[in-house]
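Chemist: Supplied in C-alpha cells, the structure appears directly below.
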Amino acid sequence: MLKASLWFLAVGLACLVLADVEVVTLDPWGELGRLLSGFARPDLGALPALGQPLLNTVTFAFCGLSLAVLLGSGLAFFFEHRVVRLGCAAVRAVHEIFWAFLFLPMVGLNPVCGILAIATPYAGVFAKVYAEILQEADRRPMQALPPGSSAVSRFCYGVLPIIWPNLKAYTSYRLECALRSSAVLGFIGLPTLGFHLETAFREGLYGEAAALLYAFYLLIASLRYWVRPRLVVLWAALSAWAVSPEVHLSWINVKRFLTWEILPWPMRREGFFDGSLDVAFPVDQVWAWFAQLVGGQVLPGLWNTVLLTQAALAATGLFAVVFLGVACRHVSPAAVRRLVHFGLIVGRTTPEYILAYVFLQLWGPSMLPALVAILLHNGAILSYLGAGSANVMRLRLDAPRRALDRYAWEVLPRVYGQFLAFLFYRWEVMMRESAILGILGVTTLGFFIDSAIAEDKLDQAVLLIGFTALLNMGIDSISQVVRRRLRLASGASLAVAD
C-alpha cells in the first residue's frame, strides 16, 4: 500500500507542476479581507426574500430523490445484467449540471429540468448501492419462511427487514447530497439558492452571500429533526404538489432534441439552410467535424481534467492524512477535536462548486480555485470518515504515549487500508468535479461543454459529455482494479459514494 501511495503522490505532484496553478487577480488579499468581513457580518436582512428559493431547493431535491429511489430500486433487481450495469455506470458518470444542460433544450428552464438532472445520475447510484446491499444481505432468515412462499413474500419478510437500516442510512445521506445538487443548479439559472448566491458573489455582496450560505448550513443541519422516516412520503408528496403547477413539457422539443439537434452539424447543414430539416450523412464531412472537435477540444479538455484530478487526488490524500489525526480522539484534546470537526462539517457540507466560485473571486480563473475547492470538500469528507473509523478502535496496551508517535505508529497504520479505500472511491467523484468546474473558466471538459451550450452547439456538447462519461467510467474501473489488487475494504462504497 505504501508503494502504491507513493506512486500516486508522485503522479499528483507531476500533474501539479504541469497544471495552470496561479493567482491572477491584482489584489487577492484585499478581496479576501472583504470576503471575511462579509462572513463576519452577514446581511440577515436578505433572508426574508429567500423563502421561495429555499422552498425550491428543498422541493427539487425531494422530487429528484424520490424519482431516483423508485428508478434505482427497480434497476437494483436487474443489476447483474451487463446492459443495466453499464447503463447505470454511464448515467452516474455525468454530473448533475451536465444533465441539466442536456434537459434544458428539451424541457426548458423549469422545475422538470432540475428534478430530472438530480434524478438521472442518482438513479444510477441508487441502483449500484442498493444492489450491493442486496448481495451482501444475510439470507439465513429466509430459511424460516414457509415452503412455497412467493418471491415478493420472501423479499418483504426475509430480506427487507435485514437491509432496511442500510437502505435508510444511505438514502438519508443522499438527501443531503441532493440538497447540495439542488442549490448548485441555481448557478445555471434555476430558481434555487445557488442563483442568488451567484448574484451576491458576482456583485461583491459578501454579507448577503454569507447569509445565504448560513441559511443553507442551517437547512442541512436541521434535516435530522424534520426528515423522519415516517414523514418522508409526506414531504415527497408535498414537494411534488408544490412544483406541479410550474411543470410544462413539450414533447415536440423532446423529439426535436433527440432526433435533430444532437446530430453532427454536417448531417443537418443542408436541411437547416433550406428549412426542410432533412438529414444526410456525408461521411467525410462528419469525420472532419469529429476529428476537429477531438483535436481542438476533447483532447485538451481531457488532459486538463486528468491533470486537475490527479493533483487534487494527491493533495486531498495529504490533507486527509493530517486532519484525520487532528480529528481523532486518540491524538487530539477534546477542544481541538470539536473545532476541527466543525470545520470538517462546513467543508463537506459546502458544495465544491460554491467553494470554487468563492476562490475564483479571490484568485482569478486558473486551476487553483478548482484544486483547492476539490481538496477542501473531499478532504473534509475523508478526514471525517477516517476519524470516525479511528475513534472506534481500541489501542494496544503498549501504544506510544506521545500523541504524534501514537498517531504515526499505532492509529494511522491500522486505518490506512480503509482510508485508501475511501480515497479511491472518491477518485471518480473528483474526476466529475474537475470536469464540471471548467464551467467557471478552467479549461477542463466542462469549459468546452459550457461554451458549446452557450453557442447552441448541442451536437458538440453531447459528444463532449459522452467523452466525460467515458473518462469517469474508465477512472472508476481503474479504481476498482487498484482496490482489488491492494485488497482494500469493499464496504467503503456505502459511506463515500457520491
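The values are calculated or read from the model by the stated rules, or taken from the named source; none is laboratory data. Just so we're clear, the structure is a prediction, and the values are computed from it rather than from any experiment. Please note: Cβ atoms are built from the backbone with ideal geometry, for glycine as well, and neighbour counts cover all protein chains shown. Side chains included, ligands, DNA and RNA excluded: accessible areas come from the protein's heavy atoms. Shrake-Rupley method; radii C 1.70, N 1.55, O 1.52, S 1.80 Å.
Chemist: Any idea which residue in region 46-71 is surrounded by the most Cβ atoms within 10 Å (Cβ to Cβ), counting only those that are touching a residue at least 24 places away in the same chain (Cβ under 8 Å) and not hydrophobic (A, V, I, L, M, F, W, C)?
Modeler: T57
Chemist: Scan F281, F257 and give me the residue that is hydrophobic (A, V, I, L, M, F, W, C) and surrounded by 11 or more Cβ atoms within 10 Å (Cβ to Cβ). Don't jump to the end; show me each part of the working.
Modeler: Details: F281 fails: surrounded by 11 or more Cβ atoms within 10 Å (Cβ to Cβ).
Residue meeting the stated conditions: F257.
Chemist: Restricting attention to region 5-61, which residues are modelled with pLDDT under 85 and aromatic (F, W, Y)?
Modeler: Result: W29, single match.
Chemist: Residues of region 463-498 being crowded, with 19+ Cβ neighbours inside 10 Å and at pLDDT 90 or above, which ones?
Modeler: Scanning region 463-498 gives L463, L464, I465, F467, T468, A469, L471.
Chemist: Give me a count of the residues in region 430-456 that are more than 16 Å from A373 (Cα to Cα) and part of a helix (DSSP H, G or I).
Modeler: So the count comes out to 9.
Chemist: Let me ask something else. Assess whether G474 counts as being closer than 30 Å to K3 by Cβ, part of a helix (DSSP H, G or I) and not acidic (D, E). Even if it seems obvious, please write down each step before you answer.
Modeler: Numbers: closer than 30 Å to K3 by Cβ: yes; part of a helix (DSSP H, G or I): yes; not acidic (D, E): yes.
Taking the combined requirement at face value, the residue satisfies it.
Chemist: Right, something else. Among what's in region 284-305 and is within 21 Å of T444 (Cβ to Cβ) and of a type in the set (S, T, N, Q), pick the residue that is most open to solvent (accessible area, probe 1.4 Å).
Modeler: Q292
Chemist: Which members of region 223-248 meet the condition of being outside any helix (DSSP H, G or I) and open to solvent by 80 Å² or more (accessible area, probe 1.4 Å)? Lay out the reasoning, then the answer.
Modeler: Filtering region 223-248 down to residues outside any helix (DSSP H, G or I) leaves 227-228, 247-248.
Result: R228, H248.
Chemist: Going by the structure shown, is L318 open to solvent by 40 Å² or more (accessible area, probe 1.4 Å) and either under 18 Å from Q418 (Cβ atoms) or touching a strand residue (DSSP E or B) at 6+ places or on another chain (Cβ under 9 Å) (or both)?
Modeler: Details: open to solvent by 40 Å² or more (accessible area, probe 1.4 Å): yes; either under 18 Å from Q418 (Cβ atoms) or touching a strand residue (DSSP E or B) at 6+ places or on another chain (Cβ under 9 Å) (or both): yes.
Here the answer is yes, as L318 does meet what is asked.
Chemist: Do the conditions hold for L104, that is, is it more than 28 Å from W164 (Cβ to Cβ), in a loop (DSSP other than H, G, I, E, B) and either in contact with a helix residue (DSSP H, G or I) (Cβ under 6 Å, 6 or more places away or on another chain) or not basic (K, R) (or both)? Spell out the reasoning first.
Modeler: On the way: more than 28 Å from W164 (Cβ to Cβ): yes; in a loop (DSSP other than H, G, I, E, B): no; either in contact with a helix residue (DSSP H, G or I) (Cβ under 6 Å, 6 or more places away or on another chain) or not basic (K, R) (or both): yes.
It is false that L104 is more than 28 Å from W164 (Cβ to Cβ), in a loop (DSSP other than H, G, I, E, B) and either in contact with a helix residue (DSSP H, G or I) (Cβ under 6 Å, 6 or more places away or on another chain) or not basic (K, R) (or both).
Chemist: Given (1) touching a His at 6+ places or on another chain (Cβ under 7 Å); (2) under 17 Å from V321 (Cβ atoms), identify the lone condition not met by A435.
Modeler: That leaves (2) as the condition not met.
Chemist: Exactly one of (1) among the aliphatic types (A, V, I, L, M); (2) in a helix (DSSP H, G or I); (3) under 22 Å from E352 (Cα atoms) is unmet by V482. Its number?
Modeler: (3)
Chemist: Residue by residue through region 154-168, note down the ones that are without any contact (Cβ under 8 Å) to a residue 40 or more places away in the chain and open to solvent by 40 Å² or more (accessible area, probe 1.4 Å).
Modeler: Start the filter on region 154-168 by keeping residues that are without any contact (Cβ under 8 Å) to a residue 40 or more places away in the chain, which leaves 154-165, 167.
Answer for region 154-168, where residues must be without any contact (Cβ under 8 Å) to a residue 40 or more places away in the chain and open to solvent by 40 Å² or more (accessible area, probe 1.4 Å): R154, F155, C156, Y157, L160, P161, I162, W164, P165.
Chemist: Out of G417, G379, G388, I need the residue that is at pLDDT below 90 and either within 19 Å of G12 (Cβ to Cβ) or open to solvent by 30 Å² or more (accessible area, probe 1.4 Å) (or both). Which one? Let's see the steps before the verdict.
Modeler: Numbers: G417 fails: either within 19 Å of G12 (Cβ to Cβ) or open to solvent by 30 Å² or more (accessible area, probe 1.4 Å) (or both); G379 fails: at pLDDT below 90.
Answer to the selection: G388.
Chemist: Next question. Only residues in region 191-218 that are farther than 18 Å from N56 by Cα count as the first member; pair them with residues that are open to solvent by less than 30 Å² (accessible area, probe 1.4 Å) and in a loop (DSSP other than H, G, I, E, B), Cβ under 8 angstrom, at least 6 apart or cross-chain, and list the lot.
Modeler: Close Cβ pairs (under 8 Å, with a partner that is open to solvent by less than 30 Å² (accessible area, probe 1.4 Å) and in a loop (DSSP other than H, G, I, E, B)) do not exist here.
Chemist: Where residues in region 178-200 are part of a helix (DSSP H, G or I), of a type in the set (S, T, Y) and out of contact with any Asp or Glu (no Cβ under 8 Å at 6 or more places or on another chain), which of them is modelled with the highest pLDDT?
Modeler: First, the residues of region 178-200 that are part of a helix (DSSP H, G or I): 178-188, 193-200.
Applying the additional criterion that residues be of a type in the set (S, T, Y) yields 181-182, 199.
Now narrow it down to the ones that are out of contact with any Asp or Glu (no Cβ under 8 Å at 6 or more places or on another chain): 182, 199.
Working: S182: 93, T199: 88.
Restricting to residues being part of a helix (DSSP H, G or I), of a type in the set (S, T, Y) and out of contact with any Asp or Glu (no Cβ under 8 Å at 6 or more places or on another chain), the top hit is S182.
Chemist: In region 255-281, which residues are part of a loop (DSSP other than H, G, I, E, B), more than 32 Å from the chain's Cα centre (by Cα) and not β-branched (V, I, T)? So that I can check it myself, show each step before the final result.
Modeler: Step one: filter region 255-281 for residues part of a loop (DSSP other than H, G, I, E, B), giving 262-264, 275-281.
Remaining after also requiring more than 32 Å from the chain's Cα centre (by Cα): 275-281.
Within region 255-281, G275, S276, L277, D278, A280, F281 qualify.
Chemist: If we scan region 129-149, do we find a residue that is touching a Gly at 6+ places or on another chain (Cβ under 6 Å) and part of a loop (DSSP other than H, G, I, E, B)?
Modeler: Checking region 129-149: at least one residue is touching a Gly at 6+ places or on another chain (Cβ under 6 Å) and part of a loop (DSSP other than H, G, I, E, B).
Chemist: How many residues does region 15-31 contain that are open to solvent by 50 Å² or more (accessible area, probe 1.4 Å) and part of a helix (DSSP H, G or I)? Please lay out each step first, then the result.
Modeler: Within region 15-31, the first condition is being open to solvent by 50 Å² or more (accessible area, probe 1.4 Å), and the residues that meet it are 16-18, 20-24, 26-27, 29.
Next cut, part of a helix (DSSP H, G or I) only: 16-18, 29.
Counting residues in region 15-31 that are open to solvent by 50 Å² or more (accessible area, probe 1.4 Å) and part of a helix (DSSP H, G or I) gives 4.
Chemist: Identify, please: which residue in region 91-101 is part of a helix (DSSP H, G or I) and within 18 Å of I453 (Cβ to Cβ) and is, among those, nearest to the chain's Cα centre (by Cα)? First the steps, then the outcome.
Modeler: Residues of region 91-101 part of a helix (DSSP H, G or I): 91-92, 96-101.
Those left that are additionally within 18 Å of I453 (Cβ to Cβ): 96-101.
On the way: E96: 8, I97: 10, F98: 12, W99: 12, A100: 14, F101: 16 Å.
That would be E96.
Chemist: Cβ-Cβ under 6 Å, sequence separation 6+ or interchain: first residue in region 388-407 and in contact (Cβ under 8 Å) with a residue 24 or more places away in the chain, partner among the hydrophobic types (A, V, I, L, M, F, W, C) and in a helix (DSSP H, G or I). Which pairs?
Modeler: Here the result reads S389/V415; A390/V411; A390/V415, each pair linking region 388-407 to a residue that is among the hydrophobic types (A, V, I, L, M, F, W, C) and in a helix (DSSP H, G or I).
Chemist: With respect to the numbered conditions (1) β-branched (V, I, T); (2) touching a Leu at 6+ places or on another chain (Cβ under 9 Å); (3) in a helix (DSSP H, G or I), which one is the sole condition not fulfilled by V331?
Modeler: (3)
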